[in-house]
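The values are calculated or read from the model by the stated rules, or taken from the named source; none is laboratory data. Being a predicted model, the structure only gives us computed values, none of them experimental. When we count neighbours, we look across all protein chains shown, and the Cβ atoms used for this are built from the backbone with ideal geometry, even at glycine. SASA here: full protein model, heavy atoms, side chains in, ligands and nucleic acids out. Shrake-Rupley method; radii C 1.70, N 1.55, O 1.52, S 1.80 Å.
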Amino acid sequence: MVRQIRLFILFFSISGAVFGLVSCGKVKNSSSSDGGSVVGTAEFVSARDIIGTKCLSCHSTWSAYSSDDFVKKGLVFKGSPANSTLYTRIRGNDLGVAGDMPTGQPNLSLAEIKEIKAWINSL
Ligand code: HEC
């Protein structure tokens, strides 16, 4: 009986260690305007931080979106900023496509535009 309990404890310690390793690639963003609730790759967390400050005031439904949700909703096309409306609608994008977002607000900086592009290219 004691032996079984020990094996049980051992099993959970190992699964805990494996789980810890698997979740290493994920990043939690503590500086995000969403209080650290955004989880995903480093590329998504950076892009989502910009979306959080520049887009969510109007696009509030996006606040609960994971990286995959943006793809499923057709806003982002994996690996192709040119086919991603979320990118082509940004004013000042580097595709020569006239963007209009964020409406009535200043352009995103070049660095911010690059972060969003890097996320889409990383998918
Ligand atoms: C001041 C409000 C406002 C802000 C801020 C804003 N948008 Fe929008 N956006 C709108 C409105 C209103 C629409 C719907 C009308 C339209 O399509 O033009 C829209 C539509 C869109 C669409 C098309 C949506 C769809 O479902 O097809 C995309 C993509 C988009 N915005 C991207 C962005 C991005 C990226 C940002 C941040 C960089 C942003 N918007 C910031 C008001 C805003």
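Summary of values
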| read-out | value |
| --- | --- |
| Largest-first ordering by accessible area, 1.4 Å probe, given options Trp62, Trp119 | Trp62, Trp119 |
| Rounded to the nearest 10 Å², the accessible area of Arg89 at probe 1.4 Å | 110 Å² |
| Farthest positive-ward along segment 34-123 dipole, Cα basis, beta-carbon charges - from Ser80, Ile50, Gln105 | Ser80 |
| Candidate residues Glu43, Glu112: accessible-area rank, largest first, probe 1.4 Å | Glu43, Glu112 |
| Net charge of Cβ neighbours under 13 Å - reference Ala118; Lys, Arg +1; Asp, Glu -1 | -2 |
| Residue-level accessible surface for Lys114, protein heavy atoms, 1.4 Å, Å² | 140 Å² |
| Protein-only accessible surface order, largest first, of Val76, Val39 at 1.4 Å | Val39, Val76 |
| FRET efficiency, Ala118 to Leu56 (Cβ-Cβ, R0 30 Å, nearest 0.05) | 0.95 |
